[in-house]
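Bear in mind that the values in this text are calculations on the coordinates, not laboratory data. These numbers were taken from a predicted model, which means no experiment stands behind them. Note that each Cβ is placed from the backbone with ideal geometry, even for glycine, and that neighbours are counted across all protein chains shown.
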Amino acid sequence: MPAVGSSGRPGVAPAPAARPSSPVRQIAEVSLETATARPTGVSELDRVLGGGLVPGVVVLLAGEPGVGKSTLLLEVAARRARDGATVLYVTGEESAGQVRLRAERTGGLAPHLFLSATGDLEEVAAHVEAVDPELLVVDSVQTVGTATADGTPGGVSQVRTVTTALVALAKQRDLPIVLIGHVTKDGAVAGPRTLEHLVDVVLSFEGERHSPLRLVRGLKNRFGATDEVGCFEMNDAGIAEVTDPSGLFTGGLDHPVAGQALTVAMEGKRPMMAEVQALIAHRSGDTPARRVVSDLDSGRVAKIIAVLQERCRLRLHDKDVFVATVGGMKLREPSADLAVAIAIASAFHNQAVRSGLVAIGEVGLGGEVRRVVALERRLAEAGRLGIDRAIVPPGEVRTPQGLHAASAQDLLGGLQLTGLIAGHPQDL
């Protein structure tokens, strides 16, 4: 009778067991030494990363062209190199001379910073073997190609193959790699959807061309939270960290004007003071009344205008209404509703609200003012900046020393607290 192997087929000997590439250990015995985050030297970026770059991590930094991705990562590379780390910066977007010029302008020349202008994956791997860097920056993943995949660099197959190879290289050498990626017109990361799944961290680098403000948000992070935001400011010397960003989004705190209101928004875990401005103008001729909104949710602003008309009797149907934020701050959360309403009412009456006043709360269709998340943290930020009065939703709330908070049951009561509408349910 023929022998039967473990494969279940007669006469076939069992295949030898494959040698494991890594030993099996109890989880408590695994060393944390190779999983400790190392600071990049840019504290605002470290905030989003969860402390820094973990050995072997692959980070994708995505953003629109011209937003400053290359400038930011060249700054990171230079700071790590100045701290004594060997850094390799690979660019397929620019020539080596162009990167050198930008490094001179931004103060990014460092003795341990190596540069290669190549778009060939095999050359990148050879440079890593020769230089043995402690950090690799690739600008960008869409410009690196390989002969082992079909298509041209930037294509779906090429991007997937290149990213897979770089991830394997990072894990093999415990080498942190930061990839720059492009985004599509609708803001999604360009390339195959698997790109975001292959990497460990996905960061979004946001900013408007007309504004110096830049924000780094965490979209995915296997080693930390995704609710942190890093703030930067573009200037003639490159890019600078903004550790206290509230001042970028407010103006005229000591000299209020009609149509101005302050609120505190949450960017992740970070409270930021923001200023809303409104302007009311008579419409011209028989043209429909216009609603022009910048950096706010136009749907929410339209709802607030409707509530002001129906619940507070403000005649806005025949007026052009313009609403915007200061400094390019984007306010999408409902907590800004009350400040938007106060700014519009202030512009309508051509009457400024008192200085040192902040308004925080969501406005419902019935005119009610609703509570928002992290209210006490928002008030603490307002108090730190010298705000001494606040209009908040009803309910108990702890306030910092020197700040008095008055609650408004509804929008009408909130406007009465500001003095924009007759009636004072409670003194501010």
Estimated vicinal HN-Hα couplings, Hz - the stretch 319-336 in sequence order (Karplus 6.51, -1.76, 1.60; Gly, Pro = x)
10, 7, 10, 10, 9, 8, 9, 9, x, x, 5, 9, 10, 10, 8, x, 4, 7
Output the pairs from Lys69/Lys269; Lys269/Lys303; Lys185/Lys303; Lys69/Lys171; Lys185/Lys269; Lys220/Lys269 with a Cα-Cα distance over 20 Å in this structure; if there are none, say none.
Lys69/Lys269; Lys269/Lys303; Lys185/Lys303; Lys69/Lys171; Lys185/Lys269
Is the stretch 36-243 rounded, prolate or oblate when judged by the Cα gyration tensor, a ≥ b ≥ c being the square roots of its eigenvalues, rounded requiring a/c under 1.5 and prolate requiring a/b larger than b/c?
rounded
Sum up the charges of everything whose Cβ sits under 11 Å from the Cβ of Leu248, counting Lys and Arg as +1 and Asp and Glu as -1, but leave Leu248 out.
-2
Quick one: net charge around His282, please, counting Lys, Arg +1 and Asp, Glu -1 for every other residue with C-beta under 14 Å from its C-beta.
+1
In terms of modelled amide H atoms, which long-range or inter-chain residues lie less than 5 Å from the amide H of Ser140?
Gly92, Glu93
Rounded to 10°, Cα long-axis angle of helix 298-311 versus longest principal axis of the chain:
20 degrees
Footprinting exposure proxy for Leu219, Leu198 (fewest neighbouring C-beta atoms within 10 Å first):
Leu219, Leu198
Built amide H within the under 5 Å cut-off of Ser407, gap 5+:
Val392
Pick out, from Pro271, Gly52, Val301, the residue whose Cα sits farthest towards the positive end of the charge dipole of the chain, with +1 on the Cβ of Lys and Arg and -1 on the Cβ of Asp and Glu.
Val301
Taking placed amide H atoms and a strict 5 Å upper bound, the residues 5 or more places from Ile421 or on another chain that come that close are Gln416
A correct Karplus calculation of ³J(HN,Hα) over the stretch 272-280, with 6.51 cos²θ - 1.76 cosθ + 1.60, θ = phi - 60°, whole Hz and x for Gly and Pro, returns 9, 5, 9, 10, 10, 10, 9, 9, 10
Using unit Cβ charges (K, R positive; D, E negative) and no other charged atoms, how large, in debye to the nearest 20, is the dipole of the stretch 248-418 about its Cα centre?
100 debye
Just to confirm the number: angle between the C-alpha axis of helix 69-82 and the first principal axis of the chain, 0 to 90 degrees, nearest 10?
60 degrees
For the stretch 30-186, the dipole about the Cα centre with charges only on Cβ (Lys and Arg +1, Asp and Glu -1), to the nearest 20 debye, works out at 320 debye
Find how much the distance from Arg102 to Val397 grows on full extension, using 0.36 nm per residue of separation minus their present alpha carbon separation; answer in nm with one decimal.
101.2 nm
For the stretch 352-428, with only Lys/Arg (+1) and Asp/Glu (-1) charged at the beta-carbon, what is the dipole magnitude about the Cα centre, in debye rounded to 20?
200 debye
Angle between the Cα long axis of helix 375-384 and the longest principal axis of the chain, 0 to 90 degrees, nearest 10?
80 degrees
